[in-house]
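Visitor: Below is one structure. I have some questions about it.
The values are calculated or read from the model by the stated rules, or taken from the named source; none is laboratory data. In this text the structure is predicted, and so the values were computed from the model without any measurement. So basically every Cβ, Gly included, is an ideal-geometry build from the backbone, and we count neighbours across all protein chains shown. All accessible areas refer to the heavy atoms of the entire protein, side chains included, with ligands and DNA or RNA removed. Shrake-Rupley method; radii C 1.70, N 1.55, O 1.52, S 1.80 Å.
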Amino acid sequence: MRFMILVKANADSEAGVMPSRDALDRMTAYNQELMEAGVLLAGEGLHPSSKGVRVRFSGDTRTVTDGPFAETKELLAGFWILQTRSLDEAIEWVKRAPFDGGAEIEIRRVFEAEDFGDELSPETRAAEERMRAELEERAR
């Protein structure tokens, strides 16, 4: 099972305040632990929303809005993608993250092809598998 771990933004991350050297060292050690355990697929921090945009879809209309965005509690500061045997295992890994209070993390399961059942045609399933294989090859 793959899980996306969503690290919610806070006032500091939205203000572009960079983590301390100690915080970066602890995060690097944590990421190393995830990697050595074989559960880390990806993980990155995100620039503040002031450097981002939102694209709103309404019928054929696409509206682009520049950041920053007002509701910090709805914004993200970073993410991990973990592959674990269960949600409980993902929770246990997240509980070990080196955050010192004030952080909020959301864990969401990533859809797998089999989750779509018969709605995913054999042709679309094959196309998805080809794309995944190509993406994995590019990452090497």
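Visitor: Can you tell me how the stretch 14-54 classifies by the Cα gyration tensor, rounded, prolate or oblate, using a/c under 1.5 as the rounded cut?
Guide: Note, shape of the stretch 14-54 comes out oblate.
Visitor: Classify the chain as rounded, prolate or oblate from the Cα gyration tensor: take a ≥ b ≥ c as the square roots of its eigenvalues, call it rounded if a/c is under 1.5, otherwise prolate when a/b beats b/c and oblate if not.
Guide: Oblate, because a/c is 1.5 or more while a/b does not exceed b/c.
Visitor: How far, in nm, would the chain grow between residue 115 and residue 63 when pulled straight, counting 0.36 nm per residue and subtracting the alpha carbon separation?
Guide: Gain on extension, residue 115 to residue 63, equals 15.6 nm.
Visitor: Per DSSP H run of n ≥ 4, the term is -39500 (n - 2.57); total these for the chain, divide by its residue number, and report the mean residue ellipticity at 222 nm rounded to 500 deg cm²/dmol.
Guide: -10500 deg cm²/dmol
Visitor: If you stretched the chain out fully between residue 4 and residue 108, how much longer would it get, using 0.36 nm times the residue separation minus the C-alpha to C-alpha distance?
Guide: Using 0.36 nm per residue and subtracting the Cα-Cα distance, I get 36.9 nm.
Visitor: Another question about this same structure. Can you spot the lysines whose alpha carbon is less than 22 Å from residue 95's alpha carbon? Ignore those fewer than 8 places along the same chain.
Guide: Straight-line reach from residue 95, under 22 Å: 8, 73.
Visitor: Would you mind computing, in nm to one decimal, how far apart the modelled labels at residue 11 and residue 138 are, each placed 7 Å from Cα along Cα→Cβ?
Guide: It is 4.0 nm.
Visitor: Then there's this: Could you order 57, 69 so the one with the most accessible surface comes first? Probe is 1.4 Å.
Guide: 57, 69
Visitor: So, by mean Cβ neighbours within 10 angstrom, what's the order for 109-121, 88-100 with the highest one leading?
Guide: Taking the mean over residues of other Cβ atoms within 10 Å, the ranking is 88-100, 109-121.
Visitor: Here's a follow-up. Kindly sort 36, 106 by accessible area of their heavy atoms, largest first, with the probe set to 1.4 Å.
Guide: 36, 106
Visitor: What figure, in Å² to the nearest 10, do you get for the accessible area of residue 73 with a 1.4 Å probe and non-protein molecules left out?
Guide: Roll a 1.4 Å probe over it and residue 73 shows about 140 Å².
Visitor: Something else: For the chain, with all protein chains present and a 1.4 Å probe, just round the carbon and sulfur fraction of the accessible area to a whole percent.
Guide: Accessible surface attributable to carbon and sulfur in the chain totals 51 percent.
Visitor: Now, a different point. I need the peptides 20-30, 40-50 ranked by packing, meaning the mean over residues of other C-beta atoms within 10 angstrom, with the highest value on top.
Guide: By packing density, highest mean first, the sequence is 40-50, 20-30.
Visitor: Return one whole number: the accessible area per residue of the stretch 41-140 in Å², for a 1.4 Å probe.
Guide: Value returned for the stretch 41-140: 79 Å² of accessible area per residue.
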